[in-house]
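The values are calculated or read from the model by the stated rules, or taken from the named source; none is laboratory data. Predicted model only: the values in this text are computed from it and were never measured. Neighbour counts are summed over all protein chains in view; Cβ atoms, including those assigned to glycine, are modelled from backbone coordinates with ideal geometry.
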Amino acid sequence: MPDTAPSTTRCADGAVGTGHAEDGSSTGHAATDPAAIVDRAARSIDELYAARGGGARLLGVGVATGGWVDPDAGVVMDHPRLGWSLVPLRRQLSERTGLPVYVDGHSRALLHAEVLFGRAPAVGSVLHVFVGNVVDAAFATRGEAHHGSRAQAGAIAHMPVEGSREPCACGRIGCLEAAVSEHTLTRLAHEQGIIDAPDIRTLFEAARAGNDAAVELFVERSKQVGRAVALLMDVFGPERVVVTDPTLPYLPRALGALRAVVRESVRTVYDIDNMLMPTSFPGQVLETAGGAVLLDALYRNPAAAINSEDWNVDTARRDR
């Protein structure tokens, strides 16, 4: 799925011990209406279970999405790019599937993944920054993510970016998300004739194939992200920083530019090359995010999760 839409992963009980999602298939959406996306996701889960379930019990569904998400309520509070407001995604998907459902934002979900089985299993504090069509951040100390009031922590989309003239939907100029989002990047690439249509996968493949103009767009984005990361590092003082820009593991120039700008901009003392890392999950970011939402809940309190009312519904409908 595009990263503006929720990424959903279901795990069978055999997946919990290894920390791997059972399946990483993706399904596009023709519309952003919540009911249509929930229905398509539920049908995909049924189809996947029929094809590969093998009689295993389904432990639940993890959903990661952009925007402001309240994981305790299971509600997408606000997602401007999808036009969602106060969408009770957990309840809707649970009613549709009969499965326990857990919902969180992309950045916190991937922060949990890095702590559970990525680059940050034994560090005291971690800053995670997610860069896609949405941009947000998450911070954890001793393995616990900071949620903030009503789970609003990490909302960095409207941080000002020096030198950017990109208009933002909020009415201001030069907000971080407006400057570095995939929407902006692909529009610029299309305007410059680098790609025939504004598509991030096409632009990424052009960069990997050695198109200098395509690579330069990703390098410039890394520089802008780097200035924001440096500021966040000065505020939080993390021991490890992970930036989930799906292109960084494949484009050394972009990763080098990110580190160079952070090194130049940060005011505190760090060994940037050893503590600022790209994602641990190249090529599997969105499915990892969805899986991590579920796995984090199960690992934290497995008895409560398995013995919940949702689990009883699951048992009644899904033990086959």
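Values as computed for the structure displayed
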| read-out | value |
| --- | --- |
| Some residue of region 269-282 being at negative phi and at pLDDT below 90 | yes |
| For PRO198: the one exception among (1) more than 24 Å from VAL69 (Cβ to Cβ); (2) part of a loop (DSSP other than H, G, I, E, B); (3) touching an Asp or Glu at 6+ places or on another chain (Cβ under 8 Å) | (3) |
| Residues (of a type outside the set (A, V, I, L, M, F, W, C), closer than 28 Å to GLU220 by Cα and not in a strand (DSSP E or B)) located in region 113-149 | GLU114, GLY118, ARG119, GLY132, ASN133 |
| Any chance THR244 is at pLDDT below 95 and within 25 Å of VAL103 (Cβ to Cβ) | no |
| Some residue of region 246-258 being in the same structural domain as VAL161 (by TED's automatic domain parsing), in a helix (DSSP H, G or I) and in contact with a Gly (Cβ under 8 Å, 6 or more places away or on another chain) | yes |
| Near pairs, Cβ below 8 angstrom, 6+ apart or cross-chain, from region 194-216 (closer than 14 Å to ASP245 by Cα) to any residue that is of a type in the set (Asp, Glu) | ILE200/GLU182 |
| Test for VAL101: is it in contact with a Leu (Cβ under 7 Å, 6 or more places away or on another chain), surrounded by 22 or more Cβ atoms within 10 Å (Cβ to Cβ) and over 23 Å from HIS183 (Cβ atoms) | yes |
| Every residue from region 292-320 that is modelled with pLDDT under 90, surrounded by 12 or more Cβ atoms within 10 Å (Cβ to Cβ) and among the small types (Gly, Ala, Ser) | ALA297, ALA305, SER308 |
| Cross-chain or 6+ apart pairs with Cβ under 7 Å, region 40-59 first and within 19 Å of TYR102 (Cα to Cα) and assigned by TED's automatic domain parsing to the domain that holds LEU93, then part of a loop (DSSP other than H, G, I, E, B) and modelled with pLDDT of 80 or more | LEU58/LEU99 |
